[in-house]
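Laboratory data are not the source of any read-out in this text; all were calculated from the coordinates shown. Quick caveat: nothing in here was measured; it's all calculated off a predicted structure. So basically every Cβ, Gly included, is an ideal-geometry build from the backbone, and we count neighbours across all protein chains shown.
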Amino acid sequence: MASLVVEGDQLVVRLSTAEHLESLRGDVSVPLSSVRSVEILENAMGAIHGIRFGTGVPGILAVGTFTSPSTRIFGVVHHAERRGVRVTLIDAEFDELVISCRDPEGVAGSLPVPPA
């Protein structure tokens with residue numbers, strides 16, 4: 001299962017071996033200075049939209065890059081973990097990171113977010 005970790009001045013999405021294959025890419029790193037907000041999602045799958053470059057099974061699995069006219073999302077969402085977090089970014093490769101997880105409150109609390 002993917003995890004969000006802070007390494008120095010980077011926020012890193014660590015992928016499992018299977019997720020590397022499903023996403024057709026390696027781990028994703030973005031500067032912490034690009035993080036604008038973190039939101040807890042009750043339905044992480046519902047936050048994924050756009051044309052997929054990666055692996056997807058509707059309602060079951062969404063892993064990879066999802067592009068729409070207004071947003072570029074990197075997502076790792078599995079049906080077994082319905083809840084998750086959305087990290088909103090600026091000046092980064094992606095506009096959002098959407099990651100499903102067992103403890104979205106704990107994950108959100110562990111990420112440095114600039115004051116509003």
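Some points to look at:
- Compactness of the chain as Cα Rg over 2.2 N^0.38 Å, two decimals: 0.95
- Residues listed by number, region 1-28, amide nitrogen under 20 Å from Ser110 label point at 7 Å toward C-beta: 1-20, 27-28
- Sequence-distant contacts, meaning Cα pairs under 8 Å at least 6 residues apart, place the relative contact order of the chain at 25 percent.
- Taking chymotrypsin sites (Phe, Trp or Tyr not before Pro) across region 1-92, none is in a DSSP loop with at most 14 further Cβ atoms lying within 10 angstrom of its Cβ.
- The ranking of Val77, Val12, Val57 by Cβ neighbour count inside 10 Å, starting from the fewest, reads Val57, Val12, Val77.
- Ser68-Ile51 pseudo-label distance in nm [points 7 Å out on the Cα-to-Cβ vector]: 1.5 nm
- Taken about its Cα centre, region 9-66 carries a charge dipole of roughly 140 debye when the Cβ of each Lys and Arg holds +1 and the Cβ of each Asp and Glu holds -1.
- Charge dipole of the chain (Cα centre as origin; +1 on each Lys and Arg Cβ, -1 on each Asp and Glu Cβ, all else neutral): 260 debye, rounded to the nearest 20.
- Region 63-116: C-alpha gyration tensor shape, a/c 1.5 cut-off, then a/b vs b/c: oblate
- Sequence-separation-based contact order of region 34-102, relative, with Cα cut under 8 Å and 6+ spacing, percent: 36 percent
- Applying 1/(1 + (r/R0)^6) with R0 = 25 Å to the Cβ-Cβ distance of Arg25 and Ile90 gives a FRET efficiency near 0.75.
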